[in-house]
Amino acid sequence: MFLLFMIISIFSFLVNLYIMVIVAQVALSWLIAFDIINAENDAAVRLTTVLKKLTDPVFIPLRKYIPPMGGMDFTPLIVIIGLQIIPSLFFSLFI
């Protein structure tokens, strides 16, 4: 039982960590869009590249089905909602 709890805890931690990566990517894109951060800044380019490499494998397939509405991309919101539901289902499935 303890091993199962540890596996669920680690899974939940990884999901929360990925949600933080998504939030960081969204926040950075807004900061660049509003010219608060210069898009040509070396650190911003590197950080954007890393965050896109982490989030694009999930976002790109969903963007085929969820187009931007009014210039807003709702894909990160859909992914975060899905990621919030998955640990609950995983936990209720085994407990």
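Data table
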| read-out | value |
| --- | --- |
| Residue satisfying condition, being hydrophobic (A, V, I, L, M, F, W, C) and within 20 Å of Ser92 (Cβ to Cβ), within set Ile7, Ile36, Ile22 | Ile7 |
| Test: residue in region 19-33 that is at pLDDT below 90 and either among the hydroxyl-bearing types (Ser, Thr, Tyr) or touching a helix residue (DSSP H, G or I) at 6+ places or on another chain (Cβ under 7 Å) (or both) | no |
| Check on Leu47, surrounded by 11 or more Cβ atoms within 10 Å (Cβ to Cβ), at pLDDT 95 or above and more than 15 Å from the chain's Cα centre (by Cα) | no |
| Only one of Phe74, Phe5, Phe11 that is touching a residue at least 40 places away in the same chain (Cβ under 8 Å) and not charged (D, E, K, R) | Phe11 |
| Residues satisfying the stated conditions in region 24-42, i.e. within 28 Å of Gln84 (Cα to Cα), surrounded by 12 or more Cβ atoms within 10 Å (Cβ to Cβ) and either touching a residue at least 40 places away in the same chain (Cβ under 8 Å) or not aliphatic (A, V, I, L, M) (or both) | Gln25, Val26, Ser29 |
| Test result for Met20, without any contact (Cβ under 8 Å) to a residue 12 or more places away in the chain, assigned to a helix (DSSP H, G or I) and under 24 Å from Ile81 (Cβ atoms) | yes |
| Any hit, region 39-56, residues being of a type in the set (A, V, I, L, M, F, W, C) and either in contact with a Phe, Trp or Tyr (Cβ under 6 Å, 6 or more places away or on another chain) or not in a helix (DSSP H, G or I) (or both) | yes |
| Residue, surrounded by the most Cβ atoms within 10 Å (Cβ to Cβ), within region 62-89, restricted to residues that are small (Gly, Ala, Ser) and part of a helix (DSSP H, G or I) | Gly82 |
| Any pair with Cβ under 9 angstrom, 6 or more apart, that starts in region 43-54 at a residue that is under 14 Å from Val23 (Cβ atoms) and ends at one that is of a type in the set (Gly, Ala, Ser) | Leu47/Ala24; Leu51/Ala24; Leu51/Ser29 |
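The values are calculated or read from the model by the stated rules, or taken from the named source; none is laboratory data. Quantities reported herein were computed from a predicted structural model and do not represent experimental measurements. FYI the Cβ positions are ideal-geometry reconstructions off the backbone, even for glycines, and counts take in every protein chain you see.
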